[in-house]
1. Residues with amide H under 5 Å of Val7's amide H, sequence separation 5 or more or different chain, H placed in the peptide plane at 1.01 Å from N; which?
2. To the nearest 20 Debye, how big is the dipole of segment 6-83 about its Cα centre, given +1 on the beta carbon of each Lys and Arg and -1 on that of each Asp and Glu?
3. Expressed in nm to one decimal, what extension gain is obtained for the pair Ser40 and Thr62 from 0.36 nm per residue of sequence separation less their Cα-Cα distance?
4. Which value, in Å to one decimal place, does the Kirkwood hydrodynamic radius take for segment 1-77 when every pair of different Cα atoms is included?
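Coordinate-derived values only; no laboratory data. Please read all numbers here as calculations on a predicted model, not as lab measurements. Cβ: placed from backbone, ideal geometry, glycine included. Neighbour counts: every protein chain shown.
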Amino acid sequence: MSENQDVYLAVDFLNESILFTADSSGELSQMILNKIENGSLASDGAVRLYRTEQSTLNDIVTIMTRHNLPFHQAAIPKEEEDAH
C-alpha cells in the first residue's frame, strides 16, 4: 500500500479507538454493516468515519501506542495544532 494512498477508518462513537480500516469507503461501510447485522458492534452502529493518508494513520497509531492515548488525542487536526 502506498504511503500517500487514502485509507478509510471507523472510530468508536467516543472517538477513542480505531475499530476498522479499509481501502475504500464502500469496503468500510460493508464491514460496519456486517458487524451491525451480527450484533457485534458495541455501539449499535454509532461510529465516526474518517479518511486520511496511510502515512498519517501510521503516525496516529504510533502516537496512540507509544503514549497510550485515545484516538481523539493522537489525531489532533493540523489546524488545531497550529492554533496552540
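1. Under 5 Å from the amide H of Val7: Thr52, Glu53, Gln54.
2. Values: 5 positive and 13 negative charges, 43 e Å.
Magnitude of the dipole: close to 200 debye.
3. Details: separation 22, 0.36 × 22 = 7.92 nm, distance 2.66 nm.
Extra length available between Ser40 and Thr62 comes to 5.3 nm.
4. On the way: mean 1/r = 0.0781 Å⁻¹.
Kirkwood hydrodynamic radius for segment 1-77: 12.8 Å.
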